[in-house]
1. Output the residues belonging to segment 44-58 that are outside any loop (DSSP other than H, G, I, E, B) and in contact with a helix residue (DSSP H, G or I) (Cβ under 8 Å, 6 or more places away or on another chain).
2. Under 6 Å between Cβ atoms, at least 6 apart or on separate chains: pull out the pairs that start in segment 424-448 with a residue that is among the charged types (D, E, K, R) and end on any residue that is surrounded by 16 or more Cβ atoms within 10 Å (Cβ to Cβ).
3. What number of residues in segment 59-91 are closer than 28 Å to ASP136 by Cα, touching a residue at least 40 places away in the same chain (Cβ under 8 Å) and part of a loop (DSSP other than H, G, I, E, B)?
4. Exactly one condition in (1) touching a helix residue (DSSP H, G or I) at 6+ places or on another chain (Cβ under 9 Å); (2) surrounded by 13 or more Cβ atoms within 10 Å (Cβ to Cβ); (3) modelled with pLDDT of 95 or more; (4) not acidic (Asp, Glu) is false for VAL41; which is it?
5. Of all residues in segment 207-255 being among the basic types (Lys, Arg) and in a loop (DSSP other than H, G, I, E, B), which is nearest to the chain's Cα centre (by Cα)?
6. Among the residues of segment 422-446, what is the count of those that are charged (D, E, K, R) and either assigned to a helix (DSSP H, G or I) or buried (at least 17 other Cβ atoms within 10 Å of the Cβ) (or both)?
7. Residues that are farther than 16 Å from GLY371 by Cβ, surrounded by fewer than 17 Cβ atoms within 10 Å (Cβ to Cβ) and modelled with pLDDT of 95 or more: does segment 245-252 have at least one?
8. Scan segment 287-304 residue by residue and report those that are surrounded by fewer than 17 Cβ atoms within 10 Å (Cβ to Cβ) and among the hydroxyl-bearing types (Ser, Thr, Tyr).
Amino acid sequence: MISITSTYLKSVYATVERRNPGEPEFLQAVREVLESIEPVVIKHPEYEKNGIIERLTEPERFIHFSVPWTDDKGAMRVNRGYRVQFNSAIGPYKGGLRLHPSVCPSIIKFLGFEQTFKNSLTGLSMGGAKGGSDFDPKGKSDAEVMRFCQSFMTELQRYIGSWTDIPAGDIGVGGREIGFMFGQYKRIRNEFTGVLTGKHLASGGSLVRTEATGYGLLYFVEEMLERMKNESMKGKTVTISGSGNVAIYATEKAGHLGAKVITASDSNGYVVDKNGIDLAVLKQIKEVERGRISEYAKRVPGSEYHEGWEGVWTVKCNIALPCATQNEIDGKSAQTLVDNGVIAVAEGSNMPTTPEGIEVFLKNGVLFAPGKASNAGGVATSGLEMCQNSQRESWTFEEVDAKLKKIMIDIFHRSYDAAEKYGVKDNLVAGANIAGFLKVANAMLWQG
């Protein structure tokens, strides 16, 4: 049973649990939000009276379709495609597309639910959505990825549009995949419009979009450290999991701020480089060669490779930034980080810390930033790309970066202030959930 006293919220969660059996990630995401917003619901009975929570926990639309494609040997393959359009109270649906074997309804729904509150926190007019497929681009040729993306978009294009639903990238979906999907949408619909974000600059993309989630994560951490501990990033040792887009650019921005990142990982294992991760080598392996992280240790003297990515959280650090996938820090890993002296943890990926892990951090006074707040830089810059597309403009790197930094600082303060106002001071998990919820819930009330 969830740790709340409200009979109403317990009843809502019981209904969600009954309607979504076998979907642990989605239930985990819902449970965290319901626990956080209890003081708001008690103070504002109009949310219960109007069924706001019931409506928020049920997607407005869930689309499930088949994606047939042909591999390089001429064999027919079939994958499953998904799009959840969770909530459009504050704007058109917005959220990434994930290509990974783990993709299933539970993953897609948890991501879409989280996206609703994340987008709300940015202050931009974007509703929550998410999508993807169990297709694995790893090991596939460019031609196979193109054929899959074209088939995927042939079906998805029925449900999206620049004023309806604007997808972006996520795990397994970078510039290559967005390009193939955008080209197919343009061919089918006979229109050049900002229906996807993360586009190539020549096709209406935005500067800073590649760096946005990683950079935004560090802007949030910098503000959190300064406001809550009167400290800076300078001189701090940082461990980061993952080696994709978020991890790479979090590593880059941490270096700009005077910190030293000493780890990177992938699904096979992790590397430790006490001298600081060599970004040029990491980018060559992951962005150019699409290789494995073990290659790093072969090329950089003094670095070490370890099998099994879980061990990355045993490496001593001041700041930990999980940037790989969901539920990668459990209670045991969290306690190890605490024992090793970590002072701050900020989520670069979506829900990478289990409830038990969060409890360990909060109980031990570790600053903890939830993903819906700290990793909102990607969708924030996607929102800025939408603005540029609507105005037929292209802003400079400095202009977009300045707007991104301001959005991330504002997200921190919205979360911090909401936590203080509702009696959970310094709890940014609760604060982010409350601040994100209030904007969406009030919009729903106003619309009837």
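The values are calculated or read from the model by the stated rules, or taken from the named source; none is laboratory data. A quick note: this is a predicted structure, and the numbers were derived from the prediction, not measured. Virtual Cβ from ideal backbone geometry, glycine too; neighbours counted across all protein chains shown.
1. Within segment 44-58, the subset outside any loop (DSSP other than H, G, I, E, B) is 46-49, 52-56.
Answer for segment 44-58, where residues must be outside any loop (DSSP other than H, G, I, E, B) and in contact with a helix residue (DSSP H, G or I) (Cβ under 8 Å, 6 or more places away or on another chain): GLU46, TYR47, GLU48, ILE52, ILE53, GLU54, ARG55, LEU56.
2. Pairs that qualify, where the first residue is among the charged types (D, E, K, R) and the partner is surrounded by 16 or more Cβ atoms within 10 Å (Cβ to Cβ), are LYS425/ALA419; LYS439/SER120.
3. 3
4. Status for VAL41: all satisfied but (3).
5. Within segment 207-255, the subset among the basic types (Lys, Arg) is 209, 227, 229, 234, 236, 253.
Then drop every residue that is not in a loop (DSSP other than H, G, I, E, B), which leaves 209, 234, 236.
On the way: ARG209: 14, LYS234: 26, LYS236: 24 Å.
Among those residues, the one meeting the criterion is ARG209.
6. Pass one, segment 422-446, residues charged (D, E, K, R): 425-426, 439.
Of the ones still in play, those that are also either assigned to a helix (DSSP H, G or I) or buried (at least 17 other Cβ atoms within 10 Å of the Cβ) (or both) are 439.
Counting residues in segment 422-446 that are charged (D, E, K, R) and either assigned to a helix (DSSP H, G or I) or buried (at least 17 other Cβ atoms within 10 Å of the Cβ) (or both) gives 1.
7. Filtering segment 245-252 down to residues farther than 16 Å from GLY371 by Cβ leaves 248, 251-252.
Filter again for surrounded by fewer than 17 Cβ atoms within 10 Å (Cβ to Cβ), leaving none.
No, segment 245-252 contains no residue that is farther than 16 Å from GLY371 by Cβ, surrounded by fewer than 17 Cβ atoms within 10 Å (Cβ to Cβ) and modelled with pLDDT of 95 or more.
8. Correct list: SER294 only.
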